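Read through the structure below, which is laid out as structure tokens, and then see the notes.
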Amino acid sequence: MEHTIVYGVSDNDSQLWDNHMAAHLGFRAKDNAELYRAEIGAGAEPYDRDDLTIAVHGGSFAAAGHFED
């Protein structure tokens with residue numbers, strides 16, 4: 001049995017996932033958030049890249065750790 005795990009993400013310059021193996025599904029990424037980086041980032045506060053709520057997929061959910069820890 002075969003399966004495909006796909007993250008439906010935009011066609012951003014910077015991506016965390018490689019979906020090239022999902023072409024058989026017909027998904028074609030479009031839109032690039034990079035076009036809005038300067039506009040949106042101009043008013044943003046600096047952030048800590050080591051903060052797990054923004055450093056990993058899952059945000060604050062991932063930073064909470066495993067429920068049995």
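Scan S14, S10 and give me the residue that is in a loop (DSSP other than H, G, I, E, B), of a type in the set (G, A, S), open to solvent by 70 Å² or more (accessible area, probe 1.4 Å) and at pLDDT 80 or above.
Numbers: S10 fails: open to solvent by 70 Å² or more (accessible area, probe 1.4 Å).
Just one listed residue meets the conditions, S14.
Looking only at segment 17-59, which residues are outside any loop (DSSP other than H, G, I, E, B) and either touching a strand residue (DSSP E or B) at 6+ places or on another chain (Cβ under 7 Å) or open to solvent by 100 Å² or more (accessible area, probe 1.4 Å) (or both)? Quick ask: steps written out before the conclusion?
Within segment 17-59, the subset outside any loop (DSSP other than H, G, I, E, B) is 20-25, 33-41, 52-55, 59.
Hits for segment 17-59 are H20, M21, H24, L25, L35, Y36, R37, E39, I40.
For residues that are open to solvent by 80 Å² or more (accessible area, probe 1.4 Å) and part of a helix (DSSP H, G or I), tally how many sit in segment 60-69.
Counting residues in segment 60-69 that are open to solvent by 80 Å² or more (accessible area, probe 1.4 Å) and part of a helix (DSSP H, G or I) gives 2.
Of the numbered conditions (1) part of a loop (DSSP other than H, G, I, E, B); (2) open to solvent by less than 90 Å² (accessible area, probe 1.4 Å), I5 fails exactly one; give the number of that condition.
The number of the failed condition is (2).
The values are calculated or read from the model by the stated rules, or taken from the named source; none is laboratory data. The shown structure was predicted, so the numbers you read here are calculated from the model rather than taken from an experiment. Using ideal geometry, Cβ is built from the backbone for each residue, glycine included, and neighbour counts are taken over all protein chains shown. To get the accessible areas, we keep the full protein, side chains included, count just its heavy atoms, and leave off ligands, DNA and RNA. Shrake-Rupley method; radii C 1.70, N 1.55, O 1.52, S 1.80 Å.
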